[in-house]
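Structure, as structure tokens:
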Amino acid sequence: MCELQTLMNDISKWSDATFGDKQRNPAIIHHLKNEVDELIEALNKSNVLGCDNAVGVGEFGRILHATEMEYADCLMLLLDSANHFGLKANDLLELTRSKLEINKKRQWGKPDKNGVIEHIN
């Protein structure tokens, strides 16, 4: 079994034991949306503090670590949702590689106010 599948199984086992073993999608994805907002806030904070000479190395390190933990929260929720949806790690990797190839062939527009660039075809 691949390491990613083991991680997905561990996350779902803990999640089911903690929150119940019933299918919880799309609730898991709603939680992911909240965590993405927290990640955006953490990234904004680390970007601002990284430019402030008054911020000490220790404080900046704590902010960076908190940001890393937000990435972990997002990944855990995404993997848990995928597992509850019935996707296995190899499926998820294969689908992601396939989607990457589709995206490589697309044309992309200009950034919006948040820097998001959408495909135009």
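Quick notes
- As a proxy for reagent exposure, ranking Arg97, Arg24, Arg62 by other Cβ atoms within 10 Å from fewest up yields Arg97, Arg62, Arg24.
- Label-to-label distance for Lys45 and Ile120 is 3.8 nm, based on points extended 7 Å past Cα in the beta-carbon direction.
- Per-residue [θ]222 nm for the chain (sum of -39500 (n - 2.57) over DSSP H runs n ≥ 4, rounded to 500): -24500 deg cm²/dmol
- Across the stretch 3-95, Cα-Cα pairs more than 20 Å apart make up 47 percent of the total.
- The dipole here belongs to the stretch 3-95: it is taken about the Cα centre, uses +1 on the Cβ of Lys and Arg and -1 on the Cβ of Asp and Glu, and is about 180 debye.
- The aspartates and glutamates within cross-link reach of Lys110, meaning a Cα-to-Cα straight distance under 15 Å and a gap of 8 or more places when in the same chain, are Glu118.
- Dipole of the chain, positive direction: furthest Cα of Leu79, Asn114, Phe19, with charges on the beta-carbon: Asn114
- For Lys45, a cut-off of 20 angstrom between C-alpha atoms picks up these lysines, skipping any fewer than 8 places away in its own chain: Lys33, Lys113.
FYI, it's all coordinate maths here, none of it is from the lab. Everything numeric in this text was worked out from a predicted model, so none of it was measured. Glycine also receives a Cβ, built like all others from the backbone with ideal geometry; neighbour counts cover every protein chain displayed.
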